[in-house]
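Accompanying notes for the structure given below.
Every number here is computed from the coordinates shown, using simple stated rules; none is lab data. Computed from a predicted model, the values in this text were never measured in an experiment. Every residue, glycine among them, receives a Cβ derived from its backbone with ideal geometry; neighbour counts consider all protein chains shown.
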Amino acid sequence: MKSRILSFNILMETMKKQIWVPVLIFLGFFLSMPIAGMVYLEIIQTNGRAEADIILDYTRFLAGTGMSLVTMMTLGGAVLTGVNSFSWLHSRVKTDFYHSLPIRREKLFVNQVFLGIAYYVVPYLVNLLLAYVVGMVHGIFRGSMVRLSLQTFCYHLLFYLMIYLVVVLAMLLTGKILLGCLGSVVLCFYGPVLDLLLQGMATSFFDTYITNDFFFSKILYGLSPIIAYFTYMPNNSWSIPGKVWGVGILAVAALAVLCFFLYKRRASEAAGRSMAFPGLGRLIQYLMEVLVILGSGMLFYSITEHASLGWMVFGIVLGGALSHGIMEVIYEGDIRRVMAHTWMMGASIVTALLVIGSFYGDIFGYDAFFPKQEELKTLRIQSSEKNYGGREEEAAYNQEKIASMEKLAQDPQVYEMLQEVVQNRLQSIQSSDGWVHRDQNGEKVEQIHGVEVEYGLNGGRTANRVYYVDYSQFEQRLLALYDSPDYKKIIYPLTTMAEADLEKRIQSVQVTSIMGNISQLFAGSNEARVDFLKTFRGELMQMDQKTVTEEVPIGCLDLTINYENGEMTWDEARVIGDTPYYIYPSFTKTLAMLKTQNVELPETFQPEAIKSITLYDFQGDEEEEKKITDRAKIEELLPCLISDGCNNGLISTYDYELRAEILLEEKGYNREVVCVIRRDRMPDMSDF
Amino acid sequence: MIQTIGVSKKFDDVQAVSSLSLEIRQGEVFGLVGTNGAGKSTLLRMLCGILKQDEGSITVDGQPVFENESTKREIFYISDDSYFFANGTPKDMQHYYQQFYPKFDTGRFYQLLERFGLKKDRKVRTFSKGMKKQLSAILGISANTKYLLCDETFDGLDPVMRQAVKGMFATEIMEREFTPVIASHNLRELEDVCENVGLLHKGGILLSENLEDMKLHLHKVQCVIPEEGQEKQLLEELEVIRCDHQGSLLMVTARGTRSEILKCIQEKNPLFCEIIPLTLEEIFISETEVAGYEVKDLIF
């Protein structure tokens, strides 16, 4: 093979002198695939599992997703080949040798990158083939394994290329091997670390901030190929979104072009210098210094008890001096030049101050944001405790849910309530007691409640905010939302699922008795399960504020979502599956259907099984504790008990703060259950 | 022919080569001499396309060198610190170079290896410094290129091997189109082998001439002129580079042919007059002194 760019002979000669790299990678894959596969099959086949499950497990094994050996090989291989491919650029002797040869630099680059890819692809595919043979020998090989494992191979390859090219980029930008390795770490993690710092600042300085709300968070995270590799990895679903492929391929192409361009521009004399491109080197120094200063400022701000601004300034100055000194020593290679280019340190400190100042003073009006009703297209409101730790993924919105969100946005009463919520939101202040919430008059509020709002604006942009309010002030108006069918459609994804999807997408239903410590699968046929779900969601839609205020949930449904057929994304499945679906005593049809399946949901504990109830009251300055063993008093308390963590839309047990530890004796065994008690339903403690 | 016109190269704040113009004709053995840091290695690295000049042009047979595959196929560069693959053997190196130099003469390579007593399968890392230099020279010769750029190649070679390598160069010059460019501090070695010499100083070229011409136009004279006025007149008439007195003995290094200088001295009725031939080393010292690089300043 002889082309203008690739030359088989040159490839072979180059590979001969780097032979340890492909050998090492081959060995790694050999241990990770056929050998580990044999061991894995030995383990799972002796457990008496169904053949279908074994095939599925082995297919997953071959896919090598999650924190698997294949993933580790991909990461390690990319770093190893990346460093190996271009580390010679850091040695003057080697650079002179290669650049004196009669070969154009682009040819040298392309041949080296080609080998870098081949070192991964060939060992991977050969060992995958061997792993198929292992599957055949064990009689579990199926054609679908090939399709799925090759699909995930493409995913691994995409991110291998991305990480490999980032390491190559670091090698090209630097002139010393150690700096090249450090540069790889910086390029791989700068974005996520910056995002973490910005989010930390938002959490510290904004009262209404919700995790991951910044539009640039995804971009900053995406700047790290390693984070992106794990984020988009098809852990539980075979489907990889088209945009991941699109963005991934574009990123690889852009990195390849950038590396190619930089390699052509890189002077041979850069070998041995700290940075190969002095101008770029100063830019990288500036960006690094700003990051360290931000981190140092926030570290000193947060470790002190009272979130002191003075300590923050100290952290900024210290971070500036340290980071600048270290970078200068690295760049200049001379400890005496530790304070050279002080203008750079000044610029970095000023930049960091501007960033922190913009958060501290909220100069972009993050907390003050509240759109006019005519600007609103959709609205979603829910309890912050129900939140999954971030924004609800757009993938979880179907047309019916969006329609309900649009109706909610147009409801003047809801908008008016929201306006009041915004006006009366509490301020978070760090004190010696930790974070406390204070109202407009500066009074400390104990019974706080987070109202999480997603504003869908006319332009297509969404904004998420959480407002902490005095629950007693807004309880009735928030609970009134349960009278709105649209509100329920928004917070219960089950209610907006198409009937066909109930059978196709919901794989199983688990029913848990809150008081009875029983959890079992709904054992009926598919049709019976669909009928049951339709009945349940019918009663869910009938539920109103009276139900949630006067009744206590007695059971809960956990839905297992089938997303492996690729019809649903992981995020969508997560939102549907993680939403708690409570069964109230008034859900008579649901309870009757469960009874036909021999599932009983007791409304409370059997009084005779309770040995004691210990009450803890955390409100007030001192914790109060009382142990109750008297049978009459126990029976009086029973109707008030709610299982701990029972969280239903805008109601959360965390609002009540009265804890009850119940010691039960069942069938000769002791068991302890933790419940909470609504303060307004609690009999006078002095009676106990 | 290698031609550089107004070539400059700067490393950060250091001007390594400054507006250097030079011609190396085909078939001649060209020696590059110069003070430490004069820019000899930088010039060679630019001539073989490792470095790109900041200013000026470098052409080999009328073609630019940098990133020009076909031109570079006619140039082989032997670095002062040559690179050999880790665990590589002479055979491995030959295989590798063969991919890039299409005229690589494998037969000649093995023949020369044998002549120099180097084993083709022995790991290069076990070679002595001198053996590595020999191997580099053998690879350079076997590559069969028109131009061979040698940076301090003779350093580290014992006298026998030095003669052997010189002989190898001489054979090549006799047998084919071959132009070695040799940079060295060892001026005596260059004197034996070079026809033309380029004298580099502080990044610029002081002179580039045929060594014999250089010797013909620079002479050292020892004489005794009895009259002080005539001695003064003599020094004014000659293009004096260096002048010393030892008692009444006048020692002058001056430009000009032997006959021109002799004629001038004879007119001053000397009591004694002798012309001593200059070695390349003396020419080098004299010329660099003119350029402000005086040996006496370096002796503490």
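Please list A:442-450, A:575-583 highest first by mean number of surrounding beta-carbon atoms within 10 Å per residue.
Highest-to-lowest ranking by the protection proxy: A:575-583, A:442-450.
Mind giving me the FRET efficiency for B:Lys52 and A:Leu280? R0 is 25 Å, r the Cβ-Cβ distance, nearest 0.05 is fine.
0.85
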Quick one: work out Rg over Rh on the C-alpha atoms of the protein assembly as shown, Rh as Kirkwood radius.
-> 1.16
Give, to the nearest whole percent, the P(r) tail of the range A:492-596 beyond 19 angstrom, counting all Cα pairs.
-> 42
What's the average, rounded to a whole number, of partner chain beta-carbon atoms within 10 Å of each residue's beta-carbon in B:77-86?
-> 4
C-alpha center-to-center spacing [the range B:194-219, the range B:266-280] in angstrom | 22
Under 22 Å from A:Lys218, Cα to Cα: lysines that are on another chain or at least 8 residues apart | A:Lys243
May I ask for the equivalent-ellipsoid semi-axes of the range A:66-143, computed as the square root of five times each C-alpha gyration tensor eigenvalue and listed largest first in whole Å?
-> 37, 14, 8
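When Cβ neighbours within 10 Å are restricted to other protein chains, what is their mean count per residue of peptide A:266-277? Don't skip to the answer; put the middle values down first.
Details: counts 0, 4, 5, 10, 0, 0, 0, 2, 0, 0, 0, 0.
So the per-residue partner count for this stretch is 2.
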So what's the gap between the Cα centers of the range A:484-537 and the range A:36-111, to the nearest angstrom?
-> 43
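Please list B:38-49, A:288-299 highest first by mean number of surrounding beta-carbon atoms within 10 Å per residue.
By packing density, highest mean first, the sequence is B:38-49, A:288-299.
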Bin all alpha-carbon pair distances of the range B:2-213 at 10 Å intervals from 0 and give each bin's fraction as a whole percent.
-> 9, 36, 37, 18, 2
Lysines with Cα under 28 Å of B:Lys202, excluding same-chain neighbours fewer than 8 positions away | A:Lys94, B:Lys9, B:Lys10, B:Lys40, B:Lys52, B:Lys72, B:Lys133, B:Lys215, B:Lys220, B:Lys296
With a 10 Å radius around each residue's Cβ, average the other Cβ atoms per peptide and rank A:666-674, B:244-252, A:268-276, B:58-66, highest first.
-> A:268-276, B:58-66, B:244-252, A:666-674
Roughly how many whole Å is it from the C-alpha centroid of the range B:5-71 to that of the range A:133-186?
-> 43
Output ³J(HN,Hα) for the range B:117-133: one whole-Hz value per residue in order, computed from phi by the Karplus curve 6.51 cos²θ - 1.76 cosθ + 1.60 with θ = phi - 60°, and x for Gly and Pro.
-> x, 9, 8, 5, 9, 7, 5, 5, 5, 8, 6, 6, 4, x, 5, 5, 4
Would you mind giving the mean number of other chain beta-carbons within 10 Å of the Cβ of each residue in B:5-12, as a whole number?
-> 1
